[in-house]
Amino acid sequence: MSECNLRIALTKGRLEKDTVNLFESLGFDVNALKEKGRKLILPVYGQNIDVVLAKAADVITYVEHGVCDLGVVGKDTIMEYGGKYFEIADLGFGKCKFALAGRKGYDFYKGYGVKTVASKYTNVARAFFESKGMDVDIVKIEGSVELAPLLGLADGIVDIVETGTTLKENGLEVYEDVADVSARLIVNTVSMKLKKEKIDSLVSMIESKIRR
Ligand code: PRP
């Protein structure tokens, strides 16, 4: 990779297609990305851009360490992992929300006993209840957090709700919204200075597209 190349870390999966569509709408050649096979680093021909496909939390790690200049990652991951980088644009796709949810009809806030809350996003859950001054026990669950209240492990969950189908099909409901989530563009703090011109031009192209 030459010095003036931009390396963009892109979250694999849900945000991947929307980001590739965004690049395509900018007139970029996204053929390599569309026919990636099992390749993890793909060129955007003619743009001096390389795209790195990574898991959400790793996008943050690569951008924070400066091995990728930019990253596309959900606000959910940003809220959970924090880190030192610039969050410069809301890309407007990947919209969903963090919510406190649990068994339908259960009154989560009833009584004085310490409640148990399951989440894959324990920092987000902790911050949410701290902001309420409420003491809760938080249990980390790696996936399908909806199981925890169903199995009686937790009184509630703090999790991503997109369509609401998973909650509905499992007899659960949202008790309270926690935060809105969407895809964000993040930039390494040093790249922002050293590659300012190239980053500014890419960001203004993206912003003119997403504002429309
Ligand atoms: C997320 C989230 C919910 C589901 C919500 O899980 O944890 O389970 O999506 O989507 P819905 O409101 O449209 O039903 P994901 O599929 O990312 O997998 P995970 O359980 O392994 O985190």
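The values are calculated or read from the model by the stated rules, or taken from the named source; none is laboratory data. In this text, all values refer to a predicted model and were calculated from it rather than measured experimentally. All Cβ positions, glycine included, derive from the backbone under ideal geometry; neighbour counts span all protein chains shown.
Could we say that residue 101 is of a type in the set (A, V, I, L, M, F, W, C), within 16 Å of the ligand (Cβ to nearest atom) and not assigned by TED's automatic domain parsing to the domain that holds residue 16 here?
Judged against the criteria, residue 101 is a match.
Taking the range 69-95, which residues are acidic (Asp, Glu) and not in a loop (DSSP other than H, G, I, E, B)?
Residues satisfying the conditions are 76, 80, 87, 90.
In this structure, does residue 9 turn out to be surrounded by 15 or more Cβ atoms within 10 Å (Cβ to Cβ), farther than 19 Å from residue 192 by Cβ and in contact with a helix residue (DSSP H, G or I) (Cβ under 9 Å, 6 or more places away or on another chain)?
In short, no.
Any chance the range 175-197 includes a residue that's touching a residue at least 24 places away in the same chain (Cβ under 8 Å), more than 21 Å from the chain's Cα centre (by Cα) and exposed (fewer than 15 other Cβ atoms within 10 Å of the Cβ)?
Yes, the range 175-197 contains a residue that is touching a residue at least 24 places away in the same chain (Cβ under 8 Å), more than 21 Å from the chain's Cα centre (by Cα) and exposed (fewer than 15 other Cβ atoms within 10 Å of the Cβ).
Scan the range 69-79 and give yes if some residue there is out of contact with any Cys (no Cβ under 8 Å at 6 or more places or on another chain), crowded, with 16+ Cβ neighbours inside 10 Å and more than 20 Å from residue 180 (Cβ to Cβ), otherwise no.
Yes, there is a match, as at least one residue in the range 69-79 is out of contact with any Cys (no Cβ under 8 Å at 6 or more places or on another chain), crowded, with 16+ Cβ neighbours inside 10 Å and more than 20 Å from residue 180 (Cβ to Cβ).
Looking at the range 34-49, I want the residues that are among the aromatic types (Phe, Trp, Tyr) and have a partner that is in a loop (DSSP other than H, G, I, E, B) with Cβ atoms under 8 Å, at least 6 apart or on another chain. Which pairs are those?
Taking only residues 6 or more apart or on different chains, the pairs are 45/29.
For the range 130-153, give me each residue that is in a helix (DSSP H, G or I) and buried (at least 20 other Cβ atoms within 10 Å of the Cβ).
Within the range 130-153, 148, 149 meet the criteria.
Name the residues in the range 19-68 that are over 18 Å from the mean Cα position of the chain (by Cα), among the polar types (S, T, N, Q) and either part of a loop (DSSP other than H, G, I, E, B) or buried (at least 21 other Cβ atoms within 10 Å of the Cβ) (or both), would you?
47, 48 - these are the residues of the range 19-68 that are over 18 Å from the mean Cα position of the chain (by Cα), among the polar types (S, T, N, Q) and either part of a loop (DSSP other than H, G, I, E, B) or buried (at least 21 other Cβ atoms within 10 Å of the Cβ) (or both).
Is at least one residue of the range 134-142 closer than 21 Å to residue 14 by Cβ, aliphatic (A, V, I, L, M) and in contact with an Asp or Glu (Cβ under 8 Å, 6 or more places away or on another chain)?
no
Could you identify the single residue in 156, 164 that is surrounded by fewer than 20 Cβ atoms within 10 Å (Cβ to Cβ) and within 16 Å of the ligand (Cβ to nearest atom)?
It is 164.
Only one of these is within 17 Å of the chain's Cα centre (by Cα) and assigned by TED's automatic domain parsing to the domain that holds residue 104: 169, 142. Name it.
Answer to the selection: 142.
I'd like the residue in the range 167-178 that is in contact with a Phe, Trp or Tyr (Cβ under 8 Å, 6 or more places away or on another chain) and within 14 Å of the ligand (Cβ to nearest atom) and, out of all such residues, is farthest from residue 141 (Cα to Cα).
177
Is it true that residue 71 is within 16 Å of the ligand (Cβ to nearest atom) and in contact with a Leu (Cβ under 9 Å, 6 or more places away or on another chain)?
So residue 71 does not fit the description; no.
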